[in-house]
1. In peptide A:259-265, how many Cβ atoms from other protein chains are near each Cβ within 10 Å, on average?
2. Set Lys and Arg Cβ to +1 and Asp and Glu Cβ to -1, take the dipole of the range A:110-186 about its Cα centre, and tell me which of A:Met167, A:Pro135, A:Val150 lies farthest positive.
3. Report, by chain and number, residues whose modeled amide H sits under 5 Å from the one on A:Thr148, excluding near sequence neighbours (fewer than 5 apart, same chain).
4. Any chance you could check the Cα centroid distance between the range B:259-334 and the range B:1-60 for me, in angstrom?
5. Towards the positive end of the charge dipole of chain B, with charges on Cβ (+1 Lys, Arg; -1 Asp, Glu), say which of B:Leu98, B:Leu88, B:Leu46 has the farthest Cα.
6. When the helices in chain B are scored as -39500 (n - 2.57) per DSSP H run of 4 or longer and the sum is shared across all residues, what 222 nm value do you end up with, to the nearest 500 deg cm²/dmol?
7. State the dimensionless ratio Rg/Rh of the range A:1-139 (Rg: radius of gyration of Cα atoms; Rh: Kirkwood radius).
8. Count of lysine pairs in chain A with Cα atoms under 23 Å apart, counting only pairs 8 or more residues apart in sequence or on different chains?
Amino acid sequence: MKGLNISVLVKPVPDPGCYESIQIDPQTGILVREGLPNILNPADKHALEAALQLVEQHSGRVVMVSMAPPNALETVKEGLAMGADEAWLLSDRAFAGADTLATSRVLAAGIKKLGLCDLVLAGSESADGGTAHVPSQVGEILGISHLTNVTWLNIDTDANVRARMKMENGYIEVEGALPMVIGVSRGMNVPRYTSLPGILAAQDKPVKVLGLNNLGLDPGSVGLAGSPTQPGKLSRPELKRQGERLEGEPAELAKRIVAIMRSSGVLS
Amino acid sequence: MEKKQVIWVIIEQVQGKTAAVSLEVLGKACQLAAEAANAQVVAVALGSAIGPLAQQLPKHGADKVFLVDDPRLELYQNDTYSSVLRRLIERERPDVVLIGASASGEELAPTLAAQLGTGLAAHCTNLRLAADGTLTMLVPAFGGQVIGEIFCPVQRPQMATIKPGVFSPVGLAERTGEIVQEDGASLLYDAEIRLRATRLVVEEPPGMPIEQADVIVAGGWGIGSRENWRLLEELAKEFNGAVGCTRPALDQGWTGGEHTMIGSSGKTVRPKLYLGAGISGAAHHMVGIKDSGVIISVNRDKTAPIFQFSDYCVAADFRDVLPELLAQIRRAKH
Ligand SMILES: Cc1cc2nc3c(=O)[nH]c(=O)nc-3n(C[C@H](O)[C@H](O)[C@H](O)COP(=O)(O)OP(=O)(O)OC[C@H]3O[C@@H](n4cnc5c(N)ncnc54)[C@H](O)[C@@H]3O)c2cc1C
Ligand SMILES: Nc1ncnc2c1ncn2[C@@H]1O[C@H](COP(=O)(O)O)[C@@H](O)[C@H]1O
């Protein structure tokens, strides 16, 4: 094996620290998310870290691929500062409103266009949608093996892959061969920080923006039109409770809590 | 009269034992079938030597069971499981396919949906089935801040995953159902198997599983140290309960492990009583406890969001209140 060509799927998402401020417009029923800062999806940094470590071990190249609006470029560049060699932004009005299958078709087309790719790494789930669908669906569309929720990964010089896939209480060990798509679980590694030299180097790294026509995709297969699922109404979950304030000194507070425990039947 | 709707539930088994989430989803399927008035619930079980398991499924609501028993299906692996299920689905054409969002279900469902070119809704918090066969799937987004309706208007089957702990199983001791034994050889060809699952390592965590505990004492970032965390463990022990945690507490390494994390990317729980300390109340965490009986929270910040989502709010330092509480509980018991 002469070096690894790795694509890392990265998604810019609104900063999860700001989700509390997301509102639904009562008139239109549409999500108001203006002004929320975008960050690189946290899980994708683990995927990128895994890619960088593999390339340190085997040599090779790391190209990030993202489907997002043009203004997401700044966020994607964070990954260049971490150490990726190149970024491809797949961006077109026709991609808007895509569900995970329509998104995966675009990402798969981007990876094919890149050519020679041994390994595709993705985060195991995005912070906003959080479906955890994309890694498996990209694998299916590319027609290659795929695994997700991977916590440990080893690739040898003959392109054999050994991986541990997280299960409820433990893991399954799986063997296969490249090419493969792998969804990386947070537990696999600790993503590196971006360094100042990294940020400076990122400015000279190639960035490409590609649209529907560059990718040779049928408009009916992407975006909302190409999505088998369609969204309906939005609502907020009912989480509110009548918060009764308990006041007093610790001993008094503890006494009240004991009384509540008794009346709810967990303490006799 | 409308066509009879057919709802499939894919049954997950680990070492010949049915996963709890599969029975929960089967319970929900029964409810959907009743809603739609004219529907059949079918359980589909894959594995090796799982006949006894399949026999039990009618008692949990299956009108019919497809059983695929094949040594190659002993361990879950996406190539093998998706090939078998895709062929069965293409042959039988169910209207709805439901899968538990366990680690393997989370992979199997999108794999199948992509093979079938159909729609899949992830981590549904509720489902409704209309008499005309339209499935409304309610999915959380932004860590549970928002719930959206999802439909799959054209393609079939309509597919959804459901996390453990969201629905409840049903027990119908008297019920029997038809068991259809399928031939593995005609549903799975060796040539299409590219991955090899070599072994399953089960690490059964010690103590009361958090999803079964009547009392959960949960801690967050505010607990501050492993030393302080022991206080939560002592408290939980008094009730034979469990200790839960938020993600920052997990990341600090103070907790019992990942299986004790509650929330959108962790467990969904519904204890009789939840006592949370040093937790701010992010939606990511709160969606996991919203169906709990009584929620008591202790936070030294009077304006902490968790107070809006609690029945009882204690605005104090947990280091003052919880040791006192522990002492009083011990006194009350002896
Ligand atoms: C994709 C994604 C998925 C996530 N999934 C989950 C999930 O499933 N579950 C989850 O929990 N989180 C999840 N998170 C994290 C979540 O967004 C919040 O960051 C987290 O829930 C906050 O945890 P916390 O309340 O422990 O910490 P903080 O928000 O830091 O709150 C600590 C609280 O402790 C209080 N405190 C401090 N000292 C004391 C004291 N001495 N006495 C009393 N109170 C004190 C403070 O006032 C504060 O309110 C996820 C995040 C992302 C991005
Ligand atoms: N629009 C996108 N562009 C690039 N990668 C994506 C996109 N959506 C999802 N992914 C990748 O797929 C993973 C799982 O996302 P999801 O299926 O949305 O939970 C993410 O962590 C990303 O690596």
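1. 5
2. The Cα lying farthest towards the positive end belongs to A:Pro135.
3. Amide H neighbours of A:Thr148, under 5 Å, 5+ apart: A:Gly183.
4. 35
5. Positive-most Cα among the choices belongs to B:Leu98.
6. Values: 9 runs with 92 residues, N = 334.
When only DSSP H runs of four or more count, the value is -8000 deg cm²/dmol.
7. Across the range A:1-139, the Cα-based Rg/Rh ratio is 0.99.
8. Pairs that pass both the separation and distance tests number 23.
We did not get these values from a lab; they are worked out from the coordinates using the rules stated. Being a predicted model, the structure only gives us computed values, none of them experimental. Here the Cβ is made from the backbone with ideal geometry for all residues, glycine too, and neighbour counts use every protein chain on show.
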